[in-house]
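Below: the structure, in structure tokens.
The values are calculated or read from the model by the stated rules, or taken from the named source; none is laboratory data. Given the structure is predicted, the values throughout are model-derived calculations rather than measurements. Cβ sites come from the backbone with ideal geometry, for glycine too, and all protein chains shown count toward neighbours.
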Amino acid sequence: MSAELLKEYKEGTDNFIAAAKAVPVDKLHKTPANDEWSPANIIHHLADTEAHFYVRYLKILTEDIPETDFFDENVYPVRLKYGKRDVQKSLLLLQSLRDSFYNIMSNFTPEEWERKGKNANVGEYPIIALIKKSRTHIKDHLNQLNEAVANS
């Protein structure tokens, strides 16, 4: 598959991790004036969603067209106690999951790039669509993180 996609996936990881590590400690838990998520919540959200992406990737690679339903991310901040979680642990989880999948993806065969999952909302989809969604997801939250820091 495209070396460009691998490069973008890796750069997305590196850029987000670097920006998250640069957030001043006194701004981590501040909610911006526009009532968006705090930088800490964005980091926890990305770690949790990346865990879901990772499980979906593994299912697609090891099962024949598995169900990969979405989850309700809106309940996570309260039920997973984002306000009390360790930001550094979430960053480590995010980094580890993305590095691990980057390694797996770097060794894909052409057939593995064609593997599919399915979802009740969208039907069958190729793994590359999920990878592209993850790539866009981290870029969007990098922008959100930068705005949250600037507005807090």
I'd like to verify a number: residues in the stretch 102-126 that are free of Cβ contacts under 8 Å to residues at least 60 places away in the same chain, surrounded by 12 or more Cβ atoms within 10 Å (Cβ to Cβ) and assigned to a helix (DSSP H, G or I), how many? 2
Check on Ile42, touching a residue at least 60 places away in the same chain (Cβ under 8 Å) and more than 20 Å from Ile127 (Cβ to Cβ): yes
Of all residues in the stretch 1-40 being acidic (Asp, Glu) and under 15 Å from the mean Cα position of the chain (by Cα), which is nearest to Arg135 (Cα to Cα)? Glu8
Counting only residues that are polar (S, T, N, Q), closer than 22 Å to Ala22 by Cα and modelled with pLDDT under 95, the stretch 72-106 contains a total of 0
Residue check, Glu36 touching an Asp or Glu at 6+ places or on another chain (Cβ under 8 Å), surrounded by fewer than 18 Cβ atoms within 10 Å (Cβ to Cβ) and among the charged types (D, E, K, R): yes
Contact list please: Cβ distance under 6 Å, first residue in the stretch 19-33 and more than 18 Å from Leu91 (Cβ to Cβ), second residue assigned to a helix (DSSP H, G or I) and hydrophobic (A, V, I, L, M, F, W, C), pairs at least six apart or on different chains. Pro32/Ala148
Sort out which residues of the stretch 1-55 are assigned to a helix (DSSP H, G or I) and acidic (Asp, Glu), and write them in order of number. Glu4, Glu8, Glu11, Asp14, Asp26, Asp48, Glu50
